[in-house]
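**Student:** Below is a structure I'd like to ask you about.
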Amino acid sequence: AHLAALVLARGGSKGIPLKNIKLLAGVPLIGWVLRAASDAGVFHSIWVSTDHDEIEKVAKQFGAQVHRRSPEVSQDSSTSLEAIREFLNHHHEVDIVGNIQATSPCLHPSDLIKVADLIQKEGFDSVFSVVRRHQFRWSEVKKGENKTTEPQNLNPAKRYRRQDWPGELYENGSFYFAKRHLIEKGYLQGGKMAYYEMRAEHSVDIDIDIDWPIAEQRVLSFGYFGKEPLKEVKLLVCSIDGCLTNGRIYVTEDEKEMVSYDYRDIVGIDLLKRRGIEVRLISERDCAKTLSAMKLGCIAKVSATNKLQVLEDWKKDMGLSWKEVAYLGNEESDAECLKKAGMSGVPADACTVAQKAAGYICKSNGGCGAVREFAEHIFLLLEKVNSARKQ
């Protein structure tokens, strides 16, 4: 049976404009679930249903196919079921749909693998995600009603301790898997049903903008970062032009070149060094005099015609694996380095090719704090590495 992953990502959003591709911990929101779906290895095809060009671009960047949904199912009032049924009408090869919510960035491939087994091997017609909560419920009393509230799931005289109460299961909306015949009848849940209980720390849902900073911390702590485990970064290589500087060159009347940099980035380099991370610089230009004037105390390679070869040589000399190398670049010439490095980033104003190759896109432009921001990102991920070691 053809099992298709389908992520619904409409362009319009009442809460956050283009929420589905807003950067969360340096990755477009939709990218987190697409990466999990791809690495699960259980889907015959992975799709994004959208009505927006920018979302289509990001979806393809993460390897998904795109279904351009019609205006009729792209309204504020349109339901998920309507969009899924339209998708099935255009893709007759699909037997089972795994509808994955774009706003669940802590989804892991292991969850999707187990759900696929439930519906493909154990014969369930529909499977949906739930999370266990330990919350006591009370009846609502509306203003003006002459009533008192009543307990819904507890006896106030014998309140459970948390450890003595199993809690209750609630849908968390992370995913809904269903067979075609059910969806065509108008159901996402029906037939022989099963729930899949997700871990509470993986049950993150982005709904309103105020949740974004909290979600970033959750993702950094509990998100899925790829098949290979993260390793401690020991080398950061930073492209000078467009990352450490804004890429502009000022020429004086006596033909001397000048560049500007942000002091925050110098602090970022210093912080990296204090954490034992080697920082090296690279440039296609001969900017040795400029580097000397900046007094950064970093090994640098200028007039580099092949950045990847320089990176290979440095990695070999230091006895490092690619997972221990971080790279910050901004141009097409940095793309291969960004793909190879275990941790990669680009400033917000980097070229499209570099952005596609990077794992993290800074909020800051080159020469305006991007190096410091990327350093902070490295520190957060190092905390994740250390936490995993302790566990």
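The values are calculated or read from the model by the stated rules, or taken from the named source; none is laboratory data. A quick note: this is a predicted structure, and the numbers were derived from the prediction, not measured. Note that we place each Cβ from the backbone using ideal geometry, even for glycine, and neighbour counts take in every protein chain shown. The protein model used for the area step is the full one, side chains on, heavy atoms only, and it has no ligands, DNA or RNA in it. Shrake-Rupley method; radii C 1.70, N 1.55, O 1.52, S 1.80 Å.
**Student:** To test your reading of the geometry: what angle, between 0 and 90 degrees and rounded to tens, separates the Cα axis of helix 307-318 from the longest principal axis of the chain?
**Tutor:** 90 degrees
**Student:** What do the square roots of 5 times the Cα gyration tensor eigenvalues come to for region 1-94, in whole Å, largest first, as semi-axes of the equivalent ellipsoid?
**Tutor:** Output for region 1-94: semi-axes of 20, 19, 10 Å.
**Student:** Using a probe radius of 1.4 Å on heavy atoms only, what accessible surface per residue do you get for region 43-100? Whole Å² is fine.
**Tutor:** With all protein chains present, region 43-100 gives 48 Å² per residue.
**Student:** Quote the charge dipole size of region 1-142 about the Cα centre in Debye, to the nearest 20; the model charges only the Cβ of Lys and Arg (+1) and of Asp and Glu (-1).
**Tutor:** Roughly 600 debye for region 1-142.
**Student:** Hey, how much of the P(r) for region 173-291 falls beyond 26 Å, as a percent of Cα pairs?
**Tutor:** 57 percent
**Student:** Please give the helix 212-222 orientation as an angle from the longest Cα principal axis of the chain, in degrees from 0 to 90, rounded to the nearest 10.
**Tutor:** Tilt of helix 212-222: around 90 degrees.
**Student:** Using a 1.4 Å probe over the heavy atoms of the protein chains, calculate the carbon and sulfur portion of the accessible area of region 235-389 as a whole percent.
**Tutor:** 46 percent
**Student:** Which of the peptides 331-341, 249-259 is most tightly packed, and how do the rest follow, going by the mean number of other Cβ atoms within 10 Å of each residue?
**Tutor:** 331-341, 249-259
**Student:** Counting heavy atoms of the protein chains only and a 1.4 Å probe, report the per residue accessible area for region 235-389 as a whole number of Å².
**Tutor:** Dividing the accessible area of region 235-389 by its residue count gives 49 Å².
**Student:** Based on the Cα gyration tensor of the chain, what are the three equivalent ellipsoid semi-axes, each the root of five times an eigenvalue, rounded to whole Å and given largest first?
**Tutor:** 45, 25, 21
**Student:** Quick check of the Kirkwood formula: for region 235-389, what is the inverse mean of 1/r over all pairs of different Cα atoms, in Å?
**Tutor:** After inverting the mean inverse Cα-Cα distance, the result is 15.5 Å.
**Student:** Could I ask something else about it? Report the semi-axes of the equivalent ellipsoid for region 302-364 in whole Å, largest first, where each axis is √(5λ) for an eigenvalue λ of the Cα gyration tensor.
**Tutor:** That gives 20, 13, 8 Å for the three semi-axes.
**Student:** Then there is this: Using a 7 Å offset from Cα along Cα-Cβ at V353, what residues in region 242-263 end up with backbone N under 17 Å from the label point?
**Tutor:** 242-243, by backbone N distance to the label point.
**Student:** Counting other Cβ atoms within 10 Å of each Cβ, which chymotrypsin sites (Phe, Trp or Tyr not before Pro) in region 119-150 have at most 16 and sit in a DSSP loop?
**Tutor:** Qualifying residues, ordered by number: F136.
**Student:** How much of the DSSP beta bridge set in the chain is antiparallel, as a percent to the nearest 5?
**Tutor:** Of all bridge pairs located within the chain, approximately 35 percent are antiparallel.
**Student:** Would you mind working out the magnitude of the charge dipole of region 235-389 relative to its Cα centre, with +1 at each Lys and Arg C-beta and -1 at each Asp and Glu C-beta, to the nearest 20 Debye?
**Tutor:** Using only the charged Cβ atoms, the result is roughly 700 debye.
**Student:** I would also like to ask the following. For the pair S221 and K256, what calculated FRET efficiency results from E = 1/(1 + (r/R0)^6), where r is the Cβ-Cβ distance and R0 = 41 Å, to the nearest 0.05?
**Tutor:** Taking R0 as 41 Å, the efficiency between K256 and S221 is 0.25.
**Student:** Between helix 263-274 and the chain, what is the angle of the helix's C-alpha long axis to the longest principal axis, kept within 0 to 90° and rounded to the nearest 10?
**Tutor:** Taking Cα atoms only, the helix is inclined about 80 degrees.
**Student:** Check A64: other-chain or 5+ apart residues with amide H under 5 Å from its amide H, H built from backbone geometry?
**Tutor:** For A64, no residues qualify.
**Student:** Select from T245, M258, I361 the residue farthest towards the positive end of the dipole of region 235-389; place +1 on Cβ of Lys and Arg, -1 on Cβ of Asp and Glu, and compute about the Cα centre.
**Tutor:** I361
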